[in-house]
Each structure stands twice: as C-alpha cells, then as structure tokens.
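**Q** One structure, pasted below without further comment.
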C-alpha cells in the first residue's frame, strides 16, 4: 500500500458571488511534480489531496484519510491557519509526519526555539522546497527523517510542470463555479537583496531560467482552462530582453486564441529601459492592464543605501513617466513608510519629488511589514524599530483563524506621531492629487507659475487641517482611525489595510463640496477659466460615461504632453476607463481599479 501524502497551500478567496475564485496551489504543485521524476517515489507515495482553501479543522479532519505525511507551505497570509490545522492533524494522527516550509519558516530555528514553541511540527524545510521534499520522502522510506532540511538551489530548472502533469485538472473539474488564479514562473532568483524583503534573501544569486517550451506549455494550459488572472512569479520580468519579449508575444497569442488569461500581472525589471516599456505597451494594448509598476520604496538616498537598494537606477524614471503620461499607460509606484533613515521631512519631500517626476496615476504608500527572514528583521535594535501585531491586516469572511501581521509603527528616525503625520500626508496626496481633484490645478501651477508641488500641497494640507466642512471632517476621522489602528486597537467597521483609499467614496458622494474646496486654493494663485473647466470635468461622475468639453487653450496637452500653452478652440472627448454596473460597483472600483486611474476620465484621441 502506498504512503498517503497531503500538501497544503491555502489562501484567501478572491472576489465574491459569480466572481469568487481561488489561487491554484502552484508551490506545492511543483514539489510533487519535481518528485515525480523519481520512480521509487512514484512507486511508494500517493498524493491524496492538494489543499488550496481555508476550511474549518472539523471539515478537513472528517475528509482526510490516514495521512502519513502532511506538508504545509507557510507565508504571512496562511501561517496561523497552517499551525491550527497542523495541531489538529497531529492530535488525531500522532504518527503523521508534519512538515513546514515556505518563507515564513525561520532560518534560525535553534536560536528562535522553533521546535520547542511548535512541538506538533516534526520537520522544517529551508531554502528551495523541491530538493528538500525529495530528501524527506527518501528519508521517510528509511525511517531517518531529520528535523531540519536545508537545500540551496536546484542546479538546472528542468523538471515537469504541475500544469503539464495535470495536477490541477481535477481540482478545476470539482469546482466548476469558481474562478481561478494561477502563478507563472519563467525564471527564479533576484539579483537585488533589499533588506525589507525575503525574496532576494532566499534566492539571491544569478537568475535561473525555465525552458521556454515549458513556459509556453504552461501558458497554453492556462488558456485552455480559462484561467482569468495570472501572476508572473518572476522578480524582474523584462530583464531578459529578447526572451521576455518572446514570452510576452506568446501570452498575447494564447489570449487571442482562447480569450484567456484575461489579466497577467508582472513585477517588472527594476532597472527600467525602453525594451521593458515596449513589453508594458503590449500588455496594456492587449488588456493585461493592472498597471505598470515602477518600484522605488523610498526617494531618500540614505534609506535606499540602508535597505541595499541604491543599485537600482533612478535616472530614467522621469523619462519613463513622461512616456507613460503621454501615451496614457497606467503606472503605479509603491512606497514603504517606516524604513530606516526615513524621517517625516524626507517622506513628505520624497512623495512630492515623485509627483515632480511625473507620477500622476497611482502612488501606493504601504507600511513596513516585518518579514521573518528579511535582513531588516535582524536590524531592529540598530534602527530603533517598534512594531505592532495586527490581527485584521488581512481581512476576509474566512477568518475563523486570523492571520497576524507585524507592522513597523516607529523608528529612531520617525517617532509614532511623525509616522502618523507622514501617513496622512500620503492620504492627502492620494486623495487629492492621484484621484485627480487637484491634479490639473497643481500641474498647471507648476508649469505656469513655477509653484512646486511641495509648496502647493503643504498649503493644501494646512487648509485641510483647518477646514470645518467635509474635507476637514474626513481628514480628522481618518487620522483618528489610523492612529487607533496602528496603536493595536480593535477595529470593527474599517480595515487599516484599505484606509488610504476609503475616503474617495466620501469625496464622490460630496463632489460639489470637494470641488469648491479645491477651487478655493487654486484661485489664491490663478483664475484661469480653462483650467477650472478642465479640472472640474476631469473627475468622473456616476452615470456619466463620456463627455466632450471645449476649451480656449490646450490645457490637457500643456499639462500632460509638455506642449507650450496655446490659444484656440480645443475639443476634448473624455470617457470612463471601463464599464461598471451599480453605484456600489462604481464606488468599489476606487480601490480595486486604483492602479488604472479610476476616478479620472480618460482623454480620447489624445495626440
């Protein structure tokens, strides 16, 4: 009789109703597909189930059959759940070998007393999992299983794909009403070693490539099985110029052939160049339009050096943003608040420098999260890092086992009060500039009056703080909420994870008040009627999918294409960025479509 093996990589569901979906458990799928190269493993072990969704321990325990080996892939979104299930399995099946692996498992088990604190875990896998998994199965056959398995990297990425082996085919057949998300891996490794990240620390070395034929086969499988959303697992897609362009063209071919995947999301090469832009344009033109990510994390040079990110080129950033703006390619830039050497002043100046560089579409300001195997996790004392454990950072109605995120709330460079003020500065930039309410005003004043974005938005912030109306009320409510949230207080009717964007629904429900407030600051500098009309009509309204405006000056060309300001008759056609249903759908898209410029009309025939 073969030995029963269970592999678990659970995740939260995505969407709801007819759009409800799950992630195919690719990581554990690769463990099994790698092991299938060895005949003695195929002869002695059977895969009973790949677990992919959160369910209660009672439901799971009633279904599983005589598990001999139970492996869990752990990360921040499932680690607490995995521990709960592992305890329950061990209690019912004490002879079952419990194995934990994944980025959440400490690299220092002895120092951190891992096995003393987790007595129900028998074995852990450190490093790439495939080699360790094979060794664990071999040692199980000889009754010589060790506590700790360490495997650096596979020499050559030549082994069967879990898609090719059909490991997920039955899963899809058994759940015909679910939408599926998939991971596509074309290479492994990351040449960067950012201290806040656990990616480079796990695979830091030269990049290793999967065979192109395997990548093409995986894409064909995804198209045939109607996979709606695909996440490229590469840390730097676009770094292999010719190869990655060929893969991009294959993605387009598969989509044209099957209608799927509908969306492919990539983490683009950090050192930007024209070839990457060409790939991005193909993504956008074919509907793979989550937005072009331009990763920076901080604009402060001391911070970049501290997090070992100073090797990433910033000199072409302005040039690429200009190209994105001119061609209306949606781009987004992520910043991380609470990193070493970042102060309130450098943060506020930096986010305005980012706007100065031309980022008008999307800026996402995230809080620093302490990851178990990041270098930053070993530098707490050096930087005076203070953290809070948040139980509702990942929110879902499946949270019968809540996950916990450790978030930085202060450093020796940025006390708690400064961090809150810095976060509120991001709130102001996001809700006024990025969502468009003051975007044309501020760009025009920058070009026409030489008023810096930093000066304009510092003035705006002072008015926001003093305001007694909708704007001031929303500012004070949000500041109180984020302060309580980051102090570790329980929240009921809001999530700190999305709080930066929640105010936009309030803005649109009170659009006349917001427009009047923004007009007030503009008129302290200028009274150009064409700018006022352009700014007023730039913001979307529910139920108005398109409009045409006539201006006596080329305001949009002047602001977004760096053309001289000219008089004349200029007709601009404005359209909604994509269709929506109810008003609730319209409002929800301020978060879910934030990277596509939702809330601002698209300027058609913008040449």
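The values are calculated or read from the model by the stated rules, or taken from the named source; none is laboratory data. Keep in mind that this is a model prediction, so the values were computed, not measured. Using ideal geometry, Cβ is built from the backbone for each residue, glycine included, and neighbour counts are taken over all protein chains shown.
**Q** What's the number of the condition residue 46 fails, among (1) surrounded by fewer than 20 Cβ atoms within 10 Å (Cβ to Cβ); (2) not in a strand (DSSP E or B)?
**A** (2)
**Q** Among the residues in the stretch 174-182, are any in contact with a helix residue (DSSP H, G or I) (Cβ under 9 Å, 6 or more places away or on another chain), assigned to a loop (DSSP other than H, G, I, E, B), modelled with pLDDT of 95 or more and surrounded by 15 or more Cβ atoms within 10 Å (Cβ to Cβ)?
**A** Looking through the stretch 174-182, none of the residues is in contact with a helix residue (DSSP H, G or I) (Cβ under 9 Å, 6 or more places away or on another chain), assigned to a loop (DSSP other than H, G, I, E, B), modelled with pLDDT of 95 or more and surrounded by 15 or more Cβ atoms within 10 Å (Cβ to Cβ).
**Q** Can you tell me which residue is nearest to residue 84 (Cα to Cα) among those in the stretch 403-433 that are under 20 Å from the mean Cα position of the chain (by Cα) and part of a loop (DSSP other than H, G, I, E, B)?
**A** By that ranking, first place goes to 403.
**Q** Among all residue pairs at least 6 apart or on different chains, which show Cβ distances below 8 Å where the first residue, located in the stretch 55-69, is assigned by TED's automatic domain parsing to the domain that holds residue 83 and surrounded by 11 or more Cβ atoms within 10 Å (Cβ to Cβ) and the second is part of a loop (DSSP other than H, G, I, E, B) and modelled with pLDDT of 95 or more?
**A** Within 8 Å, the pairs are 66/93; 67/93; 67/96; 68/95; 68/96; 69/96.
**Q** Now for a different question. From the list 436, 488, which residue is part of a loop (DSSP other than H, G, I, E, B), touching a residue at least 60 places away in the same chain (Cβ under 8 Å) and within 30 Å of residue 533 (Cβ to Cβ)?
**A** 436
**Q** Sort out which residues of the stretch 362-378 are in a loop (DSSP other than H, G, I, E, B) and within 18 Å of residue 498 (Cα to Cα), and write them in order of number.
**A** 362, 368
**Q** For the stretch 343-361: of the residues being out of contact with any strand residue (DSSP E or B) (no Cβ under 8 Å at 6 or more places or on another chain) and in a loop (DSSP other than H, G, I, E, B), which is farthest from residue 20 (Cα to Cα)?
**A** Among them, the one singled out is 343.
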